Amino acid sequence: MKQILSVTWPYVPGGEIPCVLCSDTGLTFPDLFSSIRPLLERDGILVSWKEIPHASSQDPGDTGFMLNGRSLEDLVREADRAQFLCHSSKCQPFHSSVEITRNDKGMRCLTAPEILFRKAILASMEER
């Protein structure tokens, strides 16, 4: 496991932070991350949070967070799929807990249960 967690996101002056919400707790990703960060640092993991200047006209809220160079959305979707288990000969179809919606400002929002974001953070630190 890597002993570093680098979280980056594109920043455009006057722009919005990417819309990422925990569907069960209502926490934004930055709020969730700020509650987890002290635990990671206590365990010796070097944590950084960087806003990367982004000059494109693309809405920064649509580009999302990156964790150790991997897309948070991809990591959350992988965690969602990984927790799907089939315990019978007649499996139910997979139903994702990850949703892409639009907020009241029209921004694209990634919404999923908090546990999937926590799993995504851990998965971003795995050696590949």
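The values are calculated or read from the model by the stated rules, or taken from the named source; none is laboratory data. None of these values were measured; they are calculated from a predicted model. Neighbour counts run over all protein chains shown; Cβ positions are idealised from the backbone, glycine included.
Quick notes on this one:
- Screening Leu32 on (1) surrounded by fewer than 13 Cβ atoms within 10 Å (Cβ to Cβ); (2) at pLDDT 95 or above shows it passes everything except condition (1).
- Met107 vs. criteria surrounded by fewer than 19 Cβ atoms within 10 Å (Cβ to Cβ), closer than 30 Å to Ile4 by Cβ and in contact with a Gly (Cβ under 6 Å, 6 or more places away or on another chain): yes
- Pairs where the first residue, in the stretch 46-71, is under 18 Å from Phe33 (Cα atoms) and the second is of a type in the set (Asp, Glu) and at pLDDT 90 or above, C-beta under 8 Å, 6+ apart: Val47/Glu41; Gly64/Glu73
- For first residues located in the stretch 1-15 and more than 10 Å from Met125 (Cβ to Cβ), partners that are at pLDDT below 80 and of a type in the set (S, T, N, Q) and lie 6+ apart or on another chain with Cβ distances below 8 Å form the pairs Trp9/Thr63; Pro10/Ser56; Pro10/Thr63; Val12/Ser56.
- Residues within the stretch 95-128 that are under 11 Å from Leu72 (Cα atoms) and either among the acidic types (Asp, Glu) or not in a helix (DSSP H, G or I) (or both), tallied: 1
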